[in-house]
1. For segment 3-375, restrict the atom set to alpha-carbon positions and state the Rg and Dmax in Å.
2. Which order do the peptides 356-366, 106-116, 200-210 come out in when sorted by mean C-beta neighbours inside 10 angstrom, highest first?
3. Using the Kirkwood formula over every pair of different C-alpha atoms, what hydrodynamic radius in Å results for segment 1-44?
4. If the reach is capped at under 20 angstrom between alpha carbons, list the lysines near residue 238, excluding any in the same chain fewer than eight residues apart.
5. Quick one: grab Rg to one decimal and Dmax as a whole number for segment 101-140, Cα atoms only, in Å.
6. Net charge near residue 305, counting Lys/Arg +1 and Asp/Glu -1 over other residues with Cβ under 11 Å of its Cβ?
7. How would 291, 348 rank on accessible area, largest to smallest, probe 1.4 Å?
8. Could you work out the local net charge near residue 394, counting Lys and Arg as +1, Asp and Glu as -1, over the other residues with Cβ closer than 10 Å to its Cβ?
Amino acid sequence: MSDEDSIMRLVSAVYVLPCPMVNQPMKTSFAASFDTATKDHPNSVTLMRSSDTARRKLADALEQVRSVANVPGSKHQNVLNLAKDYVPKIHRILFSCKVQPEMAVLNKKLEFQWISGMENNKHVKKDDALMYELAISIATCSLASAGAASEEAVAGRFPAAAKLFNAAAGAQTCLHEDLLPQWITLGSETEVSQLPSEVAGPVAEAFRGLYLAHAQQMAVATALTKGASPANYSLLAKLCRGLKEEMQGFVEAMRSHAAAQYSKMNPSLTVFITFQMGIYESMMHYFWARLMWSKDKYGLAIAILHKAAAWAETRKYASAAVGIPDPADRSSPVKAVEKDILDYRGHLRSLLDEWEKDNRTVYFDSVPNSVKEEDLVTKGVVIKKPEAFVLESPEPVQLGPKARAEMRAPPPQVLPRFNSGSGLPPGFITPAPVALPPEDDLPPPVYAPQQLQRTDSDLAREMQAKFDMHGQ
């Protein structure tokens, strides 16, 4: 394996969190729970039955991801496809209940049971809210997209991986900015601490940033791919600094705003993020040193390359300011990239020996004992291009008796919960009735595409434009 390949593999390495699991999927049935409310409406019955089928297929696919059995294609991509098929169905059921609350009387209580993939403990988390089911299904889309992205990265298909990581970030944005605030503010009776970490708002916000950082990793890896245009060392160094800053931002956000959830997660995640911060610091100095050498600043280049080498070494103790976690530790997730780390260290030593020899015999440039801050990378570059996760406005299906029903729009600031034997939650205010059109004459959904966030940095725009061309 060449030195360039080792660097590319280190740049693109990510830690994959497992998807959540559906617990006892056969115990939950929309068709059975909404039997009386839907029996007079074929379209409604079809929706409930297809939702049951979609949920059970998703549950089976999530089981396959954890199994060692080989299945055709990507396991994570299969989960992603099935989750994206299920989400619009549960969203349509939720919307139908919101616009006809007095008709949403259940024959059997709905109970959604999930086991968190983010948390170490495998306790079953239960809730009867349709919004809970929708939220954790969207979280599953995000985690499955990130898992599929990691598979693409391992295969060297970095533009495809970046697109999937951006999609994972978009799903987290949907959770953080739309669904979860709406659920908590408008009537959730469940304590956030009792829910899986996947449906906690601060966690969604932090993972949005993490997945965008992973997408940027793929952009850097693409720039290092053989056959790419000559390396822009200045931009690569700034992108690596940006990656370290984004990783630091993730850890700070989790510790400050989601400490309870962070404490439940596998410590390996923190170890790997710590490794990434150290290796990006090293690579920032490495690319900057190459830039200085190309500008005939030989002594300064050698001094900066020494900093790159120091950051690539194993930390002398856990709290050391410089270095990375021990890649030889068999219990560490960094063990998976140990060979690439050793190759990278060897490359740095070889390059240092070569430069120092050339400087002693040809250039005679003074090597500073320390490097001034202004001679290093002073500002990072971050590319942020999340792919919006859009929940289109669904068409409601009719609930209740076949006689002409009435559609009641949900009152402002109220999100109903639907329990067995009662059509309305405590304190629900019945709004003025609105005539419901026949089943075949319901209005089409209104769709307003969201604007994608773009970076203001000219360098980032240039990098993104080149990167997008690779993905075409």
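The values are calculated or read from the model by the stated rules, or taken from the named source; none is laboratory data. Model, not experiment: these values are computed from the prediction. For neighbour counting, all protein chains shown are included, and Cβ atoms are generated from backbone atoms with ideal geometry for every residue, glycine included. Heads up: the accessible areas ignore ligands, DNA and RNA and are worked out on the full protein's heavy atoms, side chains in. Shrake-Rupley method; radii C 1.70, N 1.55, O 1.52, S 1.80 Å.
1. Using the Cα atoms of segment 3-375, the pair Rg, Dmax is 24.7, 91 Å.
2. Numbers: 356-366: 12.2, 106-116: 18.6, 200-210: 23.5.
Averaged packing, sorted descending, gives the order 200-210, 106-116, 356-366.
3. Values: mean 1/r = 0.0643 Å⁻¹.
Averaging 1/r across every pair of different Cα atoms and inverting gives 15.6 Å.
4. Correct list for residue 238: 295, 297, 307, 372, 379, 384, 385, 466.
5. 12.5, 41
6. Around residue 305, the charge tally is 0.
7. Working: 291 20, 348 0 Å².
Largest accessible area first, the list is 291, 348.
8. On the way: positive: 89, 92; negative: 392, 395.
Net of charged neighbours comes to 0.
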